[in-house]
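Visitor: Got a structure for you, questions after.
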Amino acid sequence: MATILIVDDNRMILQALSDQLEKEGFDTEVAINGEEALEFLQYERPDLIIMDIVMPGMTGVEATEKIRANPELNAIPVVAFTSQSNRGQWGELFDDYLIKPFGFDELMSIIRRFVGDDSR
């Protein structure tokens, strides 16, 4: 079963995404900022990270730069969770972009591209 780490400072978004993905059969973990995500990654290796960009403290860009710099973590796909105006702004740092607002079908399409149908 695939594990997805969702990183966002909006607790309502975290809960909604986590609930929906768990209904689809995925395991989810959540972090409210970049620091918390990096702490989680010291002990666990999710199959995919959905990373908000704008968060207090360490931004999603900063956290992803640290993930990419770590040879033990840099193979984990990271999908930026951002607005249309930021799409592609960071070159190859992110594996894909989930543009707010998004539809559930779009979310599932991106997730399945990276983890297959490993929810069952």
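Visitor: Normalising by the residue count of the chain, find the relative contact order in percent from Cα pairs under 8 Å and 6+ residues apart.
Guide: Relative CO of the chain lands at 25 percent.
Visitor: Give the carbon-plus-sulfur fraction of the accessible surface of the chain in %, rounded to a whole number; probe 1.4 Å, heavy atoms of protein chains only.
Guide: It is 48 percent, rounded to a whole number.
Visitor: Also, I was wondering about something else. Rounded, prolate or oblate: which fits segment 18-87, taking a ≥ b ≥ c as square roots of the Cα gyration tensor eigenvalues, rounded meaning a/c under 1.5, else prolate when a/b beats b/c?
Guide: Here segment 18-87 falls in the oblate category.
Visitor: For segment 1-56, rounded, prolate or oblate, judged on the Cα gyration tensor with a ≥ b ≥ c (square roots of eigenvalues), a/c < 1.5 rounded, else prolate if a/b > b/c?
Guide: oblate
Visitor: Students sometimes get this wrong: rank Arg112, Arg45, Arg11 by accessible area, probe 1.4 Å, all chains present, largest first.
Guide: In descending accessible area the options line up as Arg11, Arg45, Arg112.
Visitor: Rolling a 1.4 angstrom probe over the protein heavy atoms, how many square angstrom per residue are accessible across the chain?
Guide: Using a 1.4 Å probe on heavy atoms only, each residue of the chain averages 52 Å².
Visitor: Can I ask one more? So how much slack lies between Asp19 and Phe102, counting 0.36 nm per residue of separation and subtracting their Cα-Cα distance, in nm?
Guide: Stretched fully, the Asp19-Phe102 segment lengthens by 28.3 nm.
Visitor: Out of these labelled values of Rg and Dmax of the Cα atoms in Å, (i) 14.1, 43; (ii) 12.9, 36; (iii) 15.6, 50, which was calculated from the coordinates shown here?
Guide: Read-out from the structure maps to (ii).
The values are calculated or read from the model by the stated rules, or taken from the named source; none is laboratory data. All of these numbers come straight from a predicted model, not from anything done at the bench. Calculation scope for accessible area: heavy atoms of the full protein, side chains included, ligands and nucleic acids excluded. Shrake-Rupley method; radii C 1.70, N 1.55, O 1.52, S 1.80 Å.
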